[in-house]
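Below you'll find the structure, written out as structure tokens, and then a few comments.
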Amino acid sequence: LSSVTGNFTMAGGTLTVAPAVTLEIGGNLSQTGGAFQLSAGTISLSGTSPQTLSVQPGSYFDSLRVASAAAVTALSDLDVNGTLTVAANGSLYLSSATVLAVSGSVLQSGSVFAPPSHLTRFKGTSPQTAQMTRFGRLRVSNASGVTIPSGLTPTISSSVVVDPGATL
């Protein structure tokens, strides 16, 4: 299984994606049960119509790619242990009062929209890159540092917190 042209709903069981494999999803991704804990591989949302992404608490992605020609709306908290990529043609809408927790880097070529109540948290243990242009609230918990690329001027609509020992 490397491509789902329609919706992907996980109601139970365990999903495993092998390293170096990308699972393309053309519809909505919804988890209502089971163990969605991906320690390898990439989930790529690449539909041509608007998509939604909703996972249960405790779920995580290794790498997540938004390449949808239409918008992807994250309806739940997202935990990405690898890289979050928003491709040039992609748009990611982060819902109010949700959290995007990232242990890897955020690489944005497309659009990311984060309302003031949304929290983006960089929680890695090795250096991270925050190539993201919009934040609601930003929290840095990484002692190894989070770097905003030179020439990038992000907009932060609410607040910035740098935890003790962390570096921005």
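Tabulated data
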item: Failed item in (1) open to solvent by less than 30 Å² (accessible area, probe 1.4 Å); (2) without any contact (Cβ under 8 Å) to a residue 24 or more places away in the chain; (3) at positive phi, with ALA87 passing the rest; result: (3)
item: Search result, residues across the stretch 9-21 that are assigned to a strand (DSSP E or B) and either touching a Pro at 6+ places or on another chain (Cβ under 8 Å) or open to solvent by less than 60 Å² (accessible area, probe 1.4 Å) (or both); result: MET10
item: Any hit, the stretch 39-61, residues being under 25 Å from HIS118 (Cα atoms), in contact with a Leu (Cβ under 9 Å, 6 or more places away or on another chain) and assigned to a loop (DSSP other than H, G, I, E, B); result: yes
item: Selected residue (only one of GLY47, GLY58, GLY6, GLY27 is at positive phi and open to solvent by less than 70 Å² (accessible area, probe 1.4 Å)); result: GLY58
item: Residue within the stretch 62-70 that is open to solvent by 10 Å² or more (accessible area, probe 1.4 Å), more than 14 Å from VAL112 (Cα to Cα), part of a loop (DSSP other than H, G, I, E, B) and hydroxyl-bearing (Ser, Thr, Tyr) present; result: no
item: Residue match in the stretch 80-89 (condition: small (Gly, Ala, Ser), closer than 17 Å to LEU23 by Cβ, within 11 Å of the chain's Cα centre (by Cα) and part of a loop (DSSP other than H, G, I, E, B)); result: yes
item: Within the stretch 143-159, tally of residues that are open to solvent by less than 70 Å² (accessible area, probe 1.4 Å) and either within 12 Å of LYS123 (Cα to Cα) or among the β-branched types (Val, Ile, Thr) (or both); result: 5
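The values are calculated or read from the model by the stated rules, or taken from the named source; none is laboratory data. Everything numeric here is computed off the predicted structure, so don't read it as measured data. Here the Cβ is made from the backbone with ideal geometry for all residues, glycine too, and neighbour counts use every protein chain on show. Surface areas here come from the heavy atoms of the whole protein model, side chains and all, with no ligands, DNA or RNA. Shrake-Rupley method; radii C 1.70, N 1.55, O 1.52, S 1.80 Å.
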